[in-house]
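See below for the structure under consideration.
The values are calculated or read from the model by the stated rules, or taken from the named source; none is laboratory data. Predicted model, so just to flag it, every value in this text is computed and none were measured. Here the Cβ is made from the backbone with ideal geometry for all residues, glycine too, and neighbour counts use every protein chain on show. Surface areas here come from the heavy atoms of the whole protein model, side chains and all, with no ligands, DNA or RNA. Shrake-Rupley method; radii C 1.70, N 1.55, O 1.52, S 1.80 Å.
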Amino acid sequence: MIFAAAALVMGLTACSNNEPQLNEKNIKKVVKAMTLEEKARLVIGTGMAGFDGSTAVVGATNDLVPGAAGTTAAIERLGIPAVVLADGPAGLRISPTREGTDATFYCTGFPVGTLMACTWNTELVEQVGKAMGEEVLEYGADVLLAPALNIHRNPLCGRNFEYYSEDPYLTGKITAAMVNGVQSNGVGTSIKHFAVNNQETNRQMNDAIVTPRALREIYLKGFEIAIKDAQPWTIMSSYNHLNGVYTSESRELLTDIARDEWGFEGLIMTDWFGGNSSPAQMHAGNDLIMPGTDRQYFDIIEAVNNGSLSMEDLDTCVERVLELIVKTPRFKGFEYDNQPDLTAHAQVTRNSAAEGMVLLENNGALPLAKNIKNVALFGTTSYDFIAGGTGSGDVNKAYVIDLEQGLANAGYTVNADIKDMYSKHAADEAARLAAEAASKAADQLSAFMTKPRATEFVPTSRQLAQAVKTSDVALITIGRNSGEFADRKVEGDFALTAEEKGLIDNVAAAFHAAGKQVVVVLNVGGVIETASWKNTPDAVLLAWQAGQEGGNTVADVLAGKVNPSGKLSMTFPVDYMDHASSANFPFDEEMIDFSFGAGSVGDAKHDRKNVDYTNYEEDVYVGYRYFDSFGKDVSYPFGYGLSYTTFEYSNPTLVANNGEYTVTVDVTNTGKVAGKEVVEVYMNAPAIEEGRPMQELIAFAKTKELAAGETQTLTFNFTDYELAWYDVARSAWVAEAGNYNILLAASSRDVKTQVALTVAKEKIVEQTHDVLHPTRELNVLKK
């Protein structure tokens, strides 16, 4: 049956002079000329290389760009080419080598999404997106499967490194900037994962149970902003159920909201092997099913023939696939050369990463004094820097600059004895880890999984004493990595290990006794516990995962070549359980989701809390909305970040004009060195019975680099829509009548100045569909 169908499809690709040839103006005519089999073929991908026959689709796989995530089907008789879809959020992910050539096809490893958000600089993010998109274009891909913008609901989500923030407004604006940058090259993006994909544990089965208000205000808002500001070519639906229905099969989500309410004009595709029923996906408006399987092809044909899927629904999806294809470089005949400017893009990576690094603590240790030359470099990660997370968010890059290399490039001398100790430890650990890996059966997902890293090495007191004598300063790097298929854990991941705590304590004691300083660098992709140890060293730099130039960028910041200007896009709690969402998150589950690639996964049992279903009972109180509203102590608040200089805010103004508002403020560099400052604008709304967070971000801007004594006036624009909350009873966004405080702040807990705003009477800002109600009773958090 499979071979017969394949022959049929191949036969239909024969060219005929009487057939319409696809162009931008005749899409409907081409659809009318297509057979049912061709339509079914077009709306599913051509399979995924490396997976077994159970997941191959009818016909051959188009391996146009080796290592790309997938391709669409070609129908030659109608002039329909295949187009290439490729990961991912931190840069293009394709195979770096190919059979038959000595040429290499490495891509740039850009900083992870979390770091990008911490720049709070949309112009910079757009520049990074432009560089990323140039590689997509020059390597022959058509759509980049990025950016990823799910909310940091909980610090242990395994893919938080790909995502931007706990705040939907910041998320949406950074996403829009990235989309605009990538798409400026004439290639597409796919914003993902739509929607409420906030855990990796059982990600293909999990049912996220969320109130319509939390959905609208928190989990959908970033997508809404990105669509309205940037019109991405595509959206990728998520794996999970949402209030009882797979997102890829939810017409309420994909059609009623994304298209009818927000005006999305592009194509929606599944995540790879996502969902259960391909006919239901077609009806929902999920136009393209990736990467494609035999069963999906036959199911669509059968559903049309038995009337359970209308030809009208299928034709609509086919039209959207064709509308995507005619925009692509491949359709337009672009001659790519496989030679993007990787040297220039490496500089983009180095410079952009510096703006997203966050200075958490500094007791005069940074920037390093001019007389410091000799560095004692501790921590296994110092010599094995983590450029980015694992899975589809990883990039096959030519190199990664570790901190030892970065310091050497900056003119510092790294203590050779300490380096030798870590080299020996690394070799021992590599042998141990290789033996452990050899004892386990490899599978198709091995390349995607997060690999175990070397344990931490703690020098003896004698070794430390010698290092103190020959070094001017101590640097310690703490590393963390994560990725697809599994969420992080508390012990030894969110929390430091006993060895890491011992390393910080012992190094600090030895160097402080000699009057020398200690700096900790955090090479991590997500939040870790800091409250218990942050006062031990003299400075803490949150370097994140800064891409392939990470070691150089950290050295730039440590040396004062760059003044850090990053601010946190999430809250660092004192304790993991302080997060309201931790009561409903699988932090103690050992389950890893291996269902990827298994084809259709069927329906879930939905009986294990936080595994089969997750109740989002914190409701709208996510991140700082919870911590600030309920007065919870934090280690570092949302929006926090230090600088090597200081700033003053003055002369705030507000002008109101029929529901549109303009706020200005003067920012002055009151310190001695040049620097940039992020100004965050929060709204404190009138109280309502349903409760509102104490404050919500509604605007932000970053100054240019201000010289000492220089002042810049920043301008912020917002509307009643930013002031509104979502009233479930009326299915509407409502701006309440009353007095609002507009707060201009350096963090959510550091308000510098404010202005008052009055809304004279209640306004229904926007009416929406009454959809996506929870299928379980929720005991939601109330203020």
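Legend: Rg and Dmax of region 78-227, from Cα coordinates, 16.3, 56 Å.
Summed over qualifying helices (DSSP H, 4 residues or more, each -39500 (n - 2.57)) and divided by its residue number, the chain shows a 222 nm mean residue ellipticity of -8000 deg cm²/dmol.
Shown in residue order for region 745-758 are the 3J(HN,Hα) couplings computed by the Karplus curve 6.51 cos²θ - 1.76 cosθ + 1.60 at θ = phi - 60°: 9, 8, 6, 5, 10, 9, 7, 8, 7, 7, 9, 9, 9, 10 Hz (x for Gly and Pro).
Close amide H contacts of Gln517 (hydrogens built in the peptide plane, cut-off under 5 Å, sequence separation of 5 or more or a different chain): Ala474. The fraction of Cα-Cα pairs per 20 angstrom bin, counted from 0 for the chain, comes to 16, 49, 30, 5, 0 percent, rounded to whole percents.
The Rg/Rh ratio for region 150-194, using Cα coordinates for both the radius of gyration and the Kirkwood hydrodynamic radius, is 1.02.
Taken about its Cα centre, the chain carries a charge dipole of about 1200 debye when Lys and Arg each add +1 at the Cβ and Asp and Glu each add -1 at the Cβ. 3J(HN,Hα) along region 80-91, derived from phi through the Karplus expression 6.51 cos²θ - 1.76 cosθ + 1.60 where θ = phi - 60°, amounts to 9, x, 6, 10, 10, 10, 9, 5, x, x, 9, x Hz, with x in place of Gly and Pro. In order along region 317-329, the phi-based Karplus estimate (6.51 cos²θ - 1.76 cosθ + 1.60, θ = phi - 60°) of 3J(HN,Hα) comes to 5, 4, 4, 5, 4, 5, 4, 5, 4, 5, 8, 7, x Hz; Gly and Pro are listed as x. Short to long, the 5 Å bins of the Cα pair-distance histogram for region 616-763 hold 2, 9, 18, 20, 18, 15, 10, 5, 3, 1, 0 percent of all pairs.
In the chain, the portion of solvent-accessible area held by carbon and sulfur atoms comes to 48 percent [1.4 Å probe, whole percent, DNA, RNA and ligands not counted].
Taking all Cα-Cα distances within region 410-513, those exceeding 19 Å account for 57%.
Per the Kirkwood formula applied to alpha carbons, region 451-510 shows a radius of gyration over Rh ratio, Rg over Rh, of 1.07. Close amide-amide hydrogen proximity is noted between Gly641 and Leu568, each under 5 Å apart and 5 or more residues distant or on a separate chain (H modeled in the peptide plane; Pro and chain starts excluded).
The simple spin-label model puts a point 7 Å past each Cα toward its Cβ; for Asn658 and Gln339 those points are separated by 5.6 nm.
Per residue, the solvent-accessible area of region 164-302 (1.4 Å probe, heavy atoms of protein chains only, all protein chains present) comes to 17 Å².
Among 555-565, 236-246, sorting by the average number of other beta carbon atoms lying within 10 angstrom of each residue, highest first, gives 236-246, 555-565. The amide H of Ile75, built 1.01 Å from its N in the peptide plane, has Ile80 as neighbours under 5 Å, considering only residues 5 or more places off or on other chains. With the simple model of a label 7 Å out from the Cα in the direction of the Cβ, Lys440 to Thr713 spans 6.0 nm. Ratio of Rg to Rh for region 738-783: 1.15 [Cα atoms; Kirkwood radius as inverse mean 1/r over pairs].
Label sites at Lys25 and Lys782, each approximated as a point 7 angstrom past Cα along Cα to Cβ, lie 6.3 nm apart. With a threshold of 18 Å on the Cα-Cα distance, the over-threshold entries among Lys419/Lys469; Lys130/Lys561; Lys221/Lys632 are Lys130/Lys561; Lys221/Lys632. Using only side-chain charges placed at the Cβ, +1 for Lys and Arg and -1 for Asp and Glu, the dipole size of region 384-468 relative to its Cα centre rounds to 40 debye.
Once the Cα gyration tensor of region 306-391 is diagonalised, what are the square roots of 5 times its eigenvalues, in whole Å and ordered largest first, as equivalent ellipsoid semi-axes?
52, 21, 13
For region 303-426, the solvent-accessible area with a 1.4 angstrom probe is 42 square angstrom per residue.
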